[in-house]
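The values are calculated or read from the model by the stated rules, or taken from the named source; none is laboratory data. Just so it is clear, the structure is predicted and the values come from calculations on it, not from any experiment. All Cβ positions, glycine included, derive from the backbone under ideal geometry; neighbour counts span all protein chains shown.
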């Protein structure tokens, strides 16, 4: 045997073991080739009426139901006040409940379509609205005992809707500043 080392050849680049390039964080990956699709045609106005209706369908239906409620309410109150002794006055007085029921149905349907985060936000706002309305009406009940005038029960639902909006605004502002 000889004492000399065998001659080594110097490689220009190191040999990579199999499968090391795919897992290496130091190797840049290639950008995928762009897909060549034509651009969508440009419209003159930028807003298509049908897309606007589909986008705001729930809000449009809700607004129409509220408008129907207000129209039936004004008509009902006017007819009942003009005919206070008629036997059918109770049926006419109850007529605004029909469009109000449609408003409730549209609200429940819209809430059912929300995702989990939005449902949680709405649930917190509704919880706040219920508790705040109960507190205000309970407190005013004590004040009525002290001599303040009696309020009609029809103010409870608008108060609850106002508290719901206030709760939503508070929760959304809190979430915005938390980010």
Inset, instruction - State whether one or more residues within segment 166-177 are more than 27 Å from residue 107 (Cβ to Cβ) and modelled with pLDDT under 95. - result: yes
Legend entry - Condition met for residue 100 (in the same structural domain as residue 65 (by TED's automatic domain parsing) and either more than 12 Å from the chain's Cα centre (by Cα) or modelled with pLDDT of 95 or more (or both)): yes
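Restricting to segment 105-153, what's the tally of residues that are within 20 Å of residue 68 (Cβ to Cβ) and surrounded by 11 or more Cβ atoms within 10 Å (Cβ to Cβ)? Outline the logic, then answer.
Step one: of segment 105-153, the residues within 20 Å of residue 68 (Cβ to Cβ) are 105-110.
Next cut, surrounded by 11 or more Cβ atoms within 10 Å (Cβ to Cβ) only: 105-107, 109-110.
Qualifying residue count, segment 105-153: 5.
Go through segment 154-179 and give me each residue that's part of a helix (DSSP H, G or I) and exposed (fewer than 11 other Cβ atoms within 10 Å of the Cβ).
154, 158, 173, 174, 176, 177, 178
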